[in-house]
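Asker: Pasting in a structure now, in structure tokens, and then I'll have a few things to ask.
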Amino acid sequence: MDETAELLNTWVETARDYAIFLVDPTGQVASWNMGAERILGYTEVEILGRPLAIFFTPEDRAAGIPEQELAQAGARGRASDDRWHLRQDGSRFWCNGMLMAVRDAQGALRGFVKVMRDLTERKQMEDQLRARAEELQEADRRKNEFLAMLAHELRNPLAPLLTALHVLRGHCPTENPVVEQARGIIERQILKLKRLIDDLLDVARMEMNRIPIQVEPVDLTMITARAAEDVRPLIGDRRQELTVTTDPGPIALMADSVRLEQAIANLLTNAAKFTDPGGHIWLTTQRQGDQAVVRVRDNGIGIAPELLDRAFDLFIQAAQGLDRARGGLGIGLTLARSLVQLHGGTIEARSEGAGRGSEFIVRLPLAPTEASRPAPAPAPGDATPAGVAARVLIVDDNADAARSLGLLLKQTGYQVELAHDGPTGLTMIRTHQPDVVVLDIGLPLMDGYQVARAVRSETAIPLIALTGYGPDEGTSALFDRYLVKPVDPGELVKILRELIPAPTRS
């Protein structure tokens, strides 16, 4: 036993990585080892009889931390801490410490054993990692804000371009095939830019978990049909064949039809991009138990095994040459996965390897009952309002966008007035009493939400939001409809006919 005690004492005295020393019941240092001298800087002669509190920082001494630690160890048998301490030269180090009570056979307190370890390097590394993580988080937040702002700023010039193109088609009909071909090229490229911008904005929303969905009874068969039609121009340009197969009858879901159509269209677009000209794409929709299953399969370039598990990661793309013939931003599949998951569904990618094609399988929960099948859509109104034309007020600070949209609506048969800031728009609403207001959100002096709240407190006039940002959660209820720039003129006219199907004046 004496030999064991001597060995233990030798180890304590010579341990260099730990400060191990005794403290008497009053808190004075009673012994000192080599590790304590190395870590704290005091020799045994310099420290014996001095208070334990000497190692604590001034702020901890002022807060009574040393006394609290002694009291806790005396009452509970031990007290631990991770905090900054002081060396003899005044420098600070991060310490993991343990104070343990020592009692005799009768239970009387004889003192304490203090064990300390210098963890400054680990603390500094943790702080650096934490700071780096915060920097990355801030950079990610700024990136998302930039993407949202970029999408908004790019939409502003696209909106009047698309609207002006429709105005030209209505006012300047021509049988010249060259002119029609040029118009078609312009329209297709504008719509392509619009889709890219929409994807950029949705990436920002996705990263901030702010993609809005409006769930209602829908028919998946109709959604997949529309998605296929959306992508047919791209498939046609690439001379590919698309085969669509679906189970008979409607397939009822509770979903956001626009978002679900976007997800399926993204899968079809991905298949078209990564299938060579002349290839084949299959779109299949079927019921399986309590689920609806959508499959998009192609005989394209396939997915390499090392990319299969990362197919849905943001900005991940198959290797491309300098010509970037496949195109795209590498975000379509990421968005598709997020939109499917928002609907309580799953999506998976399959491929037997390079050159063997790929398949994407979406599974969505069916609506609980057949009663949730959507009601038939209301029949559209007349081609133009009968009688005296209804009045539409357009409030948009982008003068070109407002004028081009106004020209289009006048061409369709509406009376149109314009305003270019919030206060002016609100005044015209009060004095001119339009039948419907098309209201931009990013207005000077008074934004669209403020205008809408003021209008809603006074009247039930229909409000159509028009913005480059998309619906803002919690505020879209202010509007009867919410449209994102650049607006499809046909969609806007359809909404106007729904909101004001007949003139209110004679």
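Asker: Count charges around Leu339 for me, please; just the other residues with Cβ under 9 Å from its Cβ, Lys/Arg as +1, Asp/Glu as -1. Intermediate results must be reported in sequence, preceding the final value.
Answerer: Working: positive: Arg259, Arg337; negative: Asp202, Asp256.
With Lys, Arg at +1 and Asp, Glu at -1, the neighbours total 0.
Asker: Once the Cα atoms of the range 21-110 are picked out, what are the Rg and Dmax in Å?
Answerer: 13.0, 41
Asker: Go ahead and run the numbers for FRET between Ala108 and Arg38, Cβ-Cβ distance against an R0 of 25 Å, rounding to 0.05.
Answerer: The formula returns an efficiency of 0.15 here.
Asker: So between Arg238 and Glu121, what do we pick up on full extension, going 0.36 nm a residue minus the alpha carbon distance?
Answerer: Answer, rounded to one decimal: 36.2 nm.
Asker: Oh, and also: If amide hydrogens are placed 1.01 Å from N in the peptide plane, which non-local residues have theirs closer than 5 Å to the one on Gly442?
Answerer: Gly448, Gly468
Asker: Given H placed 1.01 Å from N in the peptide plane, which residues other than close sequence neighbours of Thr57 have an amide H under 5 Å from its amide H?
Answerer: Excluding prolines and chain starts, which carry no amide H, the hits are Leu86.
Asker: Can you give the extra length, in nm with one decimal, that the chain gains between Leu48 and Ile186 once fully stretched, where that is 0.36 nm per residue apart less the Cα-Cα distance? Don't skip to the end; give the middle numbers.
Answerer: Numbers: separation 138, 0.36 × 138 = 49.68 nm, distance 8.79 nm.
40.9 nm is the gain from fully extending Leu48 to Ile186.
Asker: Evaluate the distance, in nm, between pseudo-label points positioned 7 Å from the Cα of Glu458 and of Ala477 along their respective Cα→Cβ axes.
Answerer: Placing both labels 7 Å along Cα→Cβ, they lie 2.3 nm apart.
Asker: In what order do Phe146, Phe479 fall by count of nearby beta-carbon atoms within 10 Å, going from fewest to most?
Answerer: Phe146, Phe479
Asker: What FRET efficiency, computed as 1/(1 + (r/R0)^6) with R0 = 25 Å and r the Cβ-Cβ distance, is obtained for Gln128 and Arg61, rounded to the nearest 0.05?
Answerer: Details: r = 28 Å, r/R0 = 1.13.
Once rounded, the FRET efficiency stands at 0.30.
Asker: Quick check on the exposure proxy: order Leu129, Leu165 from fewest to most C-beta atoms within 10 angstrom. Kindly include the intermediate steps, with their values, before the conclusion.
Answerer: On the way: Leu129 10, Leu165 17.
The most exposed by this proxy come first: Leu129, Leu165.
Asker: Taking the beta-carbon count within 10 Å as an exposure proxy, list Leu220, Leu463, Leu307 from fewest neighbours to most.
Answerer: Fewest to most other Cβ atoms nearby, the residues stand as Leu307, Leu463, Leu220.
Asker: Can I get the semi-axes of the range 216-372's equivalent ellipsoid? Compute them from the C-alpha gyration tensor as square roots of 5 times the eigenvalues, in angstrom, largest first.
Answerer: Here the semi-axes work out to 27, 16, 13 Å.
Asker: So if R0 is 45 Å, what FRET efficiency would His432 and Ala139 give, r being the distance between their Cβ atoms, rounded to the nearest 0.05?
Answerer: Between His432 and Ala139 the formula returns 0.40.
No lab work stands behind these numbers, since they all come straight from the coordinates. Since we're looking at a predicted model, the values are computed, not measured. Using ideal geometry, Cβ is built from the backbone for each residue, glycine included, and neighbour counts are taken over all protein chains shown.
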